[in-house]
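The values are calculated or read from the model by the stated rules, or taken from the named source; none is laboratory data. Being a predicted model, the structure only gives us computed values, none of them experimental. As a convention, Cβ positions derive from the backbone with ideal geometry for all residues, glycine included, and neighbour counts pool all protein chains shown. Remember, those area values only see protein heavy atoms, side chains included, never the ligands or the DNA or RNA. Shrake-Rupley method; radii C 1.70, N 1.55, O 1.52, S 1.80 Å.
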Amino acid sequence: MLFLDAIHCQNHSRPPVWIMRQAGRYMPEYRQIRSQYNFQEMIHKPELAAEVTLLPIHAFDMDAAIIFSDILTIPESLGRPFQFKEGIGPVLENPLTSPQDLDSLTPTTSLDFVAEAIKLVKPQISVPLIGFCGAPFTVASYLIEGGSSRDLKKTKQWLLRDPASFHQLLDILTQATIKHLQLQISAGADVVQIFESWANHLGYSQLQEFCFPYINRIISQVDAPVIFFGRGTVGVLEDLIQLKPHAIGLDWACDITQIRKNVPTNIALQGNLDPQVLYAPHDTIRRECQRILSGMEGDPGFIFNLGHGILPDISPDAVKVLVETVKEFQCAHESSPF
Ligand code: 1CP
């Protein structure tokens, strides 16, 4: 299978392609289901989560599926549920406001519904299934901010003023995360991805203190290949390599071909088309995809993806063009007399 071969840096045909947030609002089929159920119902009902996971596989023939769920299931399982409000995003009923609140942050509800969804999806797909989680720092920031935040001000103030209790919080989240990834793997996830979506808010010494040690713990304790995606972390490539993930996900603000030269050949790279290129005319989409594909041609450890999640108002036709461009690259590549 292309995707697993690429994760193991042993892919000798065209690169596999999938898209972060591939099952989402840009798909009319998703919006149709969403008009009947709220987001919480969609992730909690295994039949619905499985159905939504399959949508982009059927519509675009992606080379990997990612289970339909959310990084905020971990706070929920620790007794801090979220609502997803239209036009606002996730809103936490009861954010963490002081270190005393950590005492109440204990495993409360099971995440078995994610495992059930994985078990329903597996027999229906011939491509690998990706499980996932948010990295502890990113999840901590949602717990403290109470939802989406532009500057993570409360989170940063907490970690700067009281690093010891912030570590306690990260420790609780890390334990829950390892258990949740193991659950997904036991249920059938072939690979897991860790999303450190808010890593770009941390300075270097803060990444070293509040991000990497916890990612390291997670990677060393799960029994499946791990993709680490840390937004804005390309400048600390050496540290990412030290974490020994199977693959590093790159955001779009870097030249993946240059990065390849500095990453050991046993670590795969995933990325990194600017998600907004999908707003462009189809020829531009093709050209920008081909630029990346040519730069990575023949690389046995390359997975084509966007540099971050797909935006909700992208046209499905643009996604078709992206996927076709990657898949046609195979033909051009394989029919070459060389
Ligand atoms: O209103 C709706 O229909 C819900 C929109 C939505 C969807 C489709 C949310 C709310 N989550 C999801 C699914 C989701 N979230 C997946 C599913 C699998 C797939 O990729 O198809 C994944 C992998 C996530 C991961 C996730 N959730 C991240 C990390 C990835 C990233 O893009 O950085 C984050 C930060 C979240 C939090 C979250 N959940 C939902 C929203 C709108 C947000 C982000 C809000 C914010 O910007 O802070």
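Of note:
- Residue in segment 144-159 that is farthest from Ile71 (Cα to Cα), counting only those that are open to solvent by less than 20 Å² (accessible area, probe 1.4 Å) and within 12 Å of the ligand (Cβ to nearest atom): Leu152
- As for segment 100-117, it holds no residue that is within 14 Å of the ligand (Cβ to nearest atom), touching a helix residue (DSSP H, G or I) at 6+ places or on another chain (Cβ under 8 Å) and outside any helix (DSSP H, G or I).
- Any hit, segment 171-186, residues being open to solvent by 70 Å² or more (accessible area, probe 1.4 Å), under 29 Å from Gln208 (Cβ atoms) and either modelled with pLDDT of 95 or more or part of a loop (DSSP other than H, G, I, E, B) (or both): yes
- Residues located in segment 16-45, provided they are open to solvent by less than 20 Å² (accessible area, probe 1.4 Å) and more than 12 Å from the ligand (Cβ to nearest atom): Pro16, Val17
Conditions (1) open to solvent by less than 50 Å² (accessible area, probe 1.4 Å); (2) not small (Gly, Ala, Ser), marked per residue:
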{"residue": "Ala253", "(1), (2)": "no, no"}
{"residue": "Ile267", "(1), (2)": "yes, yes"}
{"residue": "Asp283", "(1), (2)": "no, yes"}
{"residue": "Met296", "(1), (2)": "yes, yes"}
{"residue": "Val326", "(1), (2)": "yes, yes"}
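- The residue pairs whose first member lies in segment 219-239 and is touching a residue at least 40 places away in the same chain (Cβ under 8 Å), whose second member is open to solvent by 10 Å² or more (accessible area, probe 1.4 Å) and not in a helix (DSSP H, G or I), and whose beta carbons are closer than 6 Å, counting only pairs six or more residues apart or on different chains, are Pro225/His246; Phe229/Phe195; Arg231/Ser197; Arg231/Asp251.
- Boolean, Pro123 is over 17 Å from the mean Cα position of the chain (by Cα) and part of a loop (DSSP other than H, G, I, E, B): no
- Whichever residue in segment 126-139 is part of a loop (DSSP other than H, G, I, E, B) and open to solvent by less than 10 Å² (accessible area, probe 1.4 Å) and, among such residues, is nearest to the ligand (Cβ to nearest atom): Ala135
- Restricting the first member to segment 73-98 and to residues that are more than 21 Å from Ile172 (Cβ to Cβ), and the second to residues that are part of a loop (DSSP other than H, G, I, E, B), the beta-carbon pairs closer than 6 Å and six or more apart or on different chains are Gly89/Ser148.
- Subset of segment 215-241 that is out of contact with any Cys (no Cβ under 6 Å at 6 or more places or on another chain) and farther than 26 Å from Pro128 by Cα - its residue that is surrounded by the fewest Cβ atoms within 10 Å (Cβ to Cβ): Glu238
- Candidates Pro90, Pro163 - the one that is open to solvent by less than 70 Å² (accessible area, probe 1.4 Å) and within 25 Å of Arg21 (Cα to Cα): Pro90
- Conditions (1) within 15 Å of the chain's Cα centre (by Cα); (2) open to solvent by 30 Å² or more (accessible area, probe 1.4 Å); (3) more than 15 Å from the ligand (Cβ to nearest atom); (4) of a type in the set (Gly, Ala, Ser): number failed by Ala247: (2)
- Residue match in segment 76-86 (condition: of a type in the set (Phe, Trp, Tyr), near the ligand (Cβ under 10 Å from one of its atoms) and either touching a His at 6+ places or on another chain (Cβ under 7 Å) or under 18 Å from Pro136 (Cα atoms) (or both)): yes
- Filtered residues of segment 46-56 (kept if touching a residue at least 24 places away in the same chain (Cβ under 8 Å), closer than 25 Å to Leu311 by Cβ and open to solvent by 20 Å² or more (accessible area, probe 1.4 Å)): Leu55
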